[in-house]
1. When both residues are 6+ apart or on different chains and their Cβ atoms are under 8 Å apart, which pairs have a first residue that lies in the range 183-210 and is without any contact (Cβ under 8 Å) to a residue 12 or more places away in the chain and closer than 20 Å to Ala23 by Cα, and a second that is of a type in the set (A, V, I, L, M, F, W, C) and part of a loop (DSSP other than H, G, I, E, B)?
2. Looking at (1) assigned to a helix (DSSP H, G or I); (2) at pLDDT 80 or above, can you tell me which one Arg278 breaks?
3. Name the one entry in Phe69, Phe114 that is of a type outside the set (A, V, I, L, M) and either touching a His at 6+ places or on another chain (Cβ under 6 Å) or not in a helix (DSSP H, G or I) (or both).
4. Looking for whichever is in a helix (DSSP H, G or I), under 16 Å from the mean Cα position of the chain (by Cα) and under 24 Å from Arg278 (Cβ atoms) here; the options are Gly150, Gly142, Gly121, Gly99. Which one fits?
Amino acid sequence: MKARLNIIMGALLFSTGGVAIKAVTLTGWQISSLRCLVAAITLLLVLPSARNNWTWRSFIVAIPYAATFTLYTFANKYTTAANAIFLQDTAPLYILLLGPVLLNEKISRRDLVFLVLMIVGLLLIFTSNGEASLTATHPTLGNLLAACAGVTWALTIVGLRWLAVRSQHFDDRPATAVVGGSFLAFFFCGFFAFPMESVAVTDGLIITYLGVFQIALAYVFITHGIRDVPALESSLLLLVEPLLSPVWAWVIFEEGLEVIAILGGMLIILATALHIVRRAPA
C-alpha cells in the first residue's frame with residue numbers, strides 16, 4: 001500500500017505543475033531556469049546516487065529531459081493546463097512510432113487502434129479553437145509547444161529506460177540524467193532569463209515549490225514506488241496527473257474547459273490506458 005501511495009503522491013505533485021506555472025508572473029524562461037535549478041539542487045541533496053556515475057549517456061538523455069520541462073513551461077503559459085498536459089501525454093504515441101528504430105519493437109495490428117485513437121484525440125484538441133484568455137494567451141502556439149513536449153518526453157522515457165537497463169542499480173544513471181537535464185535547462189534558459197529584476201516573494205515561493213516538490217520530490221516518490229508495484233499498475237496510477245491537472249486550473253483560475261478539447265484529452269487517456277493494459281505481460 002505504501003508503494004502505491006508513493007506513486008499516487010508523485011503523480012499528484014506532478015499534476016500541480018500547470019496551475020503553479022500559471023500563478024507565477026515571471027517569464028517562461030525565468031520560471032523554467034529557476035525551478036530546474038532548485039530541482040537539481042534538491043535531487044543532489046536527497047539522492048546520493050545522483051552524485052555519481054555521470055556518463056556521456058546520461059548527458060544525451062538530459063537533453064530531451066531539459067527540452068520537455070522548458071516546452072511544458074511555455075505551453076502552460078500559452079494554452080490551458082488541460083491542453084498542455086493532454087498533449088504532453090501523447091508521448092506513448094511517439095514511443096510506439098519510434099519503437100522500430102530505437103527499441104527494435106514492431107508495431108502490431110492492435111497498436112494501430114491505439115495510434116488512431118491518439119491521433120483523433122490530438123486533432124480534437126488542435127481543432128477546439130479555444131479563445132485567448134488571461135491564463136491561455138496564445139492557445140494555438142501553446143498547443144504546438146505541448147505537442148513538441150510530448151515528442152521530447154517520449155525520447156526522455158526511452159532514454160531513461162535505456163539507462164536503467166544499462167545500470168546495475170535502478171536509479172543511479174537515470175537520476176544523473178534527471179539532475180543533468182535540470183542543470184541544462186537552468187543554464188540554457190538562463191541565457192534568456194537573466195538579468196532579471198527582483199523576484200516577488202509569492203513568485204519565489206511558488207518557484208521553490210515547483211523545484212522542490214513538483215519536480216524533485218515527485219520524482220523520488222515515483223522511483224521509490226515503482227520498485228514494489230507492477231509496471232501495469234504503476235502506469236495506470238500515473239494517469240492521476242492528466243486527470244487532475246485541468247481540475248486544479250479550473251478550481252483556482254476558473255480556467256474554461258473546451259468540450260471538444262476535453263473529449264480529445266479523455267480519448268488520449270483512454271487510449272493510453274488500453275495500450276498499457278494490452279502491453280502488460282500475461
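1. Cβ pairs passing all conditions: none.
2. (2)
3. The conditions single out Phe114.
4. After applying the criteria, what remains is Gly150.
Residues are listed down the side, and each one gets a yes or a no for (1) surrounded by fewer than 24 Cβ atoms within 10 Å (Cβ to Cβ); (2) not in a helix (DSSP H, G or I):
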site: Leu5; (1), (2): yes, no
site: Leu12; (1), (2): yes, no
site: Ala20; (1), (2): yes, no
site: Thr25; (1), (2): yes, yes
site: Trp29; (1), (2): yes, no
site: Ser32; (1), (2): no, no
site: Ala50; (1), (2): no, no
site: Trp54; (1), (2): yes, yes
site: Ala62; (1), (2): yes, no
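The values are calculated or read from the model by the stated rules, or taken from the named source; none is laboratory data. Given the structure is predicted, the values throughout are model-derived calculations rather than measurements. With ideal geometry, Cβ positions are generated from the backbone for all residues, glycine too; neighbour counts draw on all protein chains shown.
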